[in-house]
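Quick note: the coordinates plus some simple rules give every number you see, no bench work behind them. Please read these numbers as outputs of a predicted model, since none were measured by experiment. Here the Cβ positions follow ideal geometry from the backbone for every residue, glycine too, while neighbour counts run over all protein chains shown.
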């Protein structure tokens, strides 16, 4: 049922037609153009069916963008474009690469970076290739921002044949998704109860279930609930960047899960336990794809998951070795006869 729902069942109904204006970029640079330039405006020029952005100075930014009003009933958009890269080198910061983003626009005019928004975020050279990706939007937003840029990144970026289509979830898919997730949730709760009740180590079982619940909650809670939490941790991380804290959370939670799993499965081989937990870490990241939110940054999350598994099992291994060395000495001490007086 899961495979049929999330892989085979069509998800979207189109809403309206092409939403972008001047996809040939014929009016770029004009006062009344829907495409607005930022930074070095001279670095953007129209080409056959699209636009070329060129930047030879990593102290400058070349960027064009268009704000699009969303028709009623739009829950997401599908962007399709042909992209070509020529010798793109990132700027001083890691995020300064060739970019093509689709961002919801908040009522106060700020862009929403909390949802999946990266259509392109790359460096190097790539031949022209046609790409298509879906971006789900906050229901409170009625505008979307399409951004093409080289922020302090040098090289050439060419984008042709851009199409922006409004989408809404099909009622059948929405129903099947709800049923499927409800079945998995009920099954997980039943299995969790059985595991905890039958476990000889209730503390380890509680730690394992708490770690799994934390990871699943972060993966599946709606963005409307997640956004305030991300903002809070972003403020703690400085410059609004919650990335390091997010990776640290993945690392610590999976380490805790690995320690608990070793306590619950003491006879399982270390390599098999590591492989099983690493597969679980991959499955948790793929779970975001089921919700249409898989982002290219999830590779880092998976790496942090694997790092947490390795750290947790390493700590468990060292603890077992330490206990094994301590027990013989305690046994010998207990056998030494005590002299009276």
- If you find the alpha carbon centre of region 159-192 and of region 98-122, how far apart are they in angstrom? 22 Å
- Say R0 is 56 Å: what FRET efficiency, to the nearest 0.05, do residue 196 and residue 21 get from their beta-carbon distance? 0.45
- Message: For the ranges 5-11, 299-305, what's the packing order if you count other beta-carbon atoms within 10 Å of each residue, average per peptide, and put the highest first?
- Response: 299-305, 5-11
- Please list 85-92, 306-313 highest first by mean number of surrounding beta-carbon atoms within 10 Å per residue. 306-313, 85-92
- Decide, for region 3-142, between rounded, prolate and oblate: order the square roots of the alpha carbon gyration tensor eigenvalues as a ≥ b ≥ c, take rounded if a/c falls under 1.5, and otherwise choose prolate if a/b is larger than b/c, else oblate. prolate
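So how do 256-265, 175-184 stack up, highest first, on mean other-Cβ count within 10 Å?
Values: 256-265: 21.7, 175-184: 14.2.
Order by mean packing, descending: 256-265, 175-184.
Would you order 12, 173 from fewest to most other beta-carbon atoms within 10 Å of each residue's own beta-carbon?
Values: 12 19, 173 16.
If I rank by nearby Cβ atoms, fewest first, I get 173, 12.
Treat the count of other C-beta atoms within 10 Å as a stand-in for reagent exposure and order 163, 45 from fewest to most. Each step should come with its number before you reach the end.
Working: 163 15, 45 12.
Listed from fewest to most nearby Cβ atoms, that is 45, 163.
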